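A short write-up of the structure that comes next.
The values are calculated or read from the model by the stated rules, or taken from the named source; none is laboratory data. All values derive from a computational prediction rather than experimental measurement. Cβ: placed from backbone, ideal geometry, glycine included. Neighbour counts: every protein chain shown. When the accessible area is computed, the model is the full protein with side chains, heavy atoms only, and any ligands, DNA or RNA have been set aside. Shrake-Rupley method; radii C 1.70, N 1.55, O 1.52, S 1.80 Å.
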Amino acid sequence: MEVRELAVPGAFEFTPRVFPDQRGLFVCPFEEEPFLKAVGHPLRLGQTNHSRSRRGVVRGLHFADVPPGQAKYVYCPQGTLLDVVVDIRVGSPTFGTWDAVRLDPVDFRAVYVPEGLGHAVMALEDDSVLMYLCSTGYDPGREHGIDPLDPDLGLPWPADIEPVLSDKDRAAPSLASASASGLLPSYADCQAYYQRLRTG
């Protein structure tokens with residue numbers, strides 16, 4: 001398993017070994033040991049999610065209140081997705097920074113999104129599937145969104161694909177508006193929570 005920290009500190013890309021043969025292939029998208037070494041604590045599993053999207057669908061930019069937030073470990077077993085992680089932690093040295101990873105069933109890259117970061121994906125082809133391992137269950141009262149098309153964020157959505165958003169995501173505030181209204185998680189709260197996870 002190859003591990004790379006993204007431009008957003010605390011977020012990681014994991015690239016497993018793929019074993020093809022005449023029958024098909026075998027791959028292990030998640031392994032505890034390299035995850036623990038990179039992140040510093042185990043992945044708590046509270047819920048698994050599965051989404052299938054047509055070309056152009058954008059899901060996000062989503063985040064949850066911290067604590068407890070909702071960390072995600074995501075990969076794509078079918079189709080192709082562009083996965084985007086954004087630092088929305090107020091007070092973070094990298095606030096507003098984003099990074100993107102192409103997810104597909106060729107390399108089976110996975111992305112770990114820790115609590116307090118914004119996360120979005122775009123389907124680059126029809127019938128693209130995203131698998132999420134989530135640290136906590138869905139809590140609608142603590143879940144929030146930011147406009148994934150916010151021009152100030154400048155996220156790298158392909159210019160040749162028309163974004164398709166849900167009504168809820170389309171109505172989400174800009175990053176600046178969310179910050180001004182006190183909606184965003186604080187960097188200090190997130191760091192304190194990460195430390196609690198590391199020390200048990």
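Odds and ends about this structure:
- Of everything listed in (1) open to solvent by 30 Å² or more (accessible area, probe 1.4 Å); (2) closer than 29 Å to residue 30 by Cβ; (3) small (Gly, Ala, Ser); (4) assigned to a loop (DSSP other than H, G, I, E, B), the single unmet condition for residue 154 is (2).
- Matching residues in the stretch 169-179 - criterion: being under 22 Å from residue 124 (Cβ atoms) and either more than 18 Å from the chain's Cα centre (by Cα) or among the polar types (S, T, N, Q) (or both): 170
- If the condition is being within 24 Å of residue 153 (Cα to Cα) and among the small types (Gly, Ala, Ser), then the stretch 83-135 contributes 91, 92, 96, 100, 110, 116, 118, 120, 123.
- Residue list for the stretch 82-111, restricted to those being farther than 20 Å from residue 145 by Cβ and open to solvent by less than 40 Å² (accessible area, probe 1.4 Å): 94, 101, 103, 104, 108, 110
- Qualifying residue in the stretch 143-161 (condition: in contact (Cβ under 8 Å) with a residue 40 or more places away in the chain and in contact with an Asp or Glu (Cβ under 6 Å, 6 or more places away or on another chain)): yes
- Candidate set: the stretch 4-43, residues that are touching a helix residue (DSSP H, G or I) at 6+ places or on another chain (Cβ under 8 Å) and open to solvent by 50 Å² or more (accessible area, probe 1.4 Å); chosen: the one farthest from residue 173 (Cα to Cα): 42
- Check on residue 112, under 21 Å from residue 186 (Cα atoms), among the aromatic types (Phe, Trp, Tyr) and under 14 Å from the mean Cα position of the chain (by Cα): yes
- Qualifying residue in the stretch 164-172 (condition: of a type in the set (Lys, Arg), without any contact (Cβ under 8 Å) to a residue 24 or more places away in the chain and open to solvent by 70 Å² or more (accessible area, probe 1.4 Å)): yes
- Subset tally (residues that are open to solvent by 40 Å² or more (accessible area, probe 1.4 Å) and either modelled with pLDDT of 95 or more or not in a loop (DSSP other than H, G, I, E, B) (or both)) for the stretch 173-200: 18
- Filtered residues of the stretch 134-156 (kept if under 25 Å from residue 80 (Cβ atoms) and touching a Gly at 6+ places or on another chain (Cβ under 9 Å)): 134, 145, 146, 148, 153
- Residues that are aliphatic (A, V, I, L, M), out of contact with any His (no Cβ under 9 Å at 6 or more places or on another chain) and farther than 18 Å from residue 154 by Cβ, drawn from the stretch 72-82: 81
- Enumeration of residues in the stretch 120-135 that are touching a strand residue (DSSP E or B) at 6+ places or on another chain (Cβ under 7 Å), assigned to a loop (DSSP other than H, G, I, E, B) and surrounded by 17 or more Cβ atoms within 10 Å (Cβ to Cβ): 124
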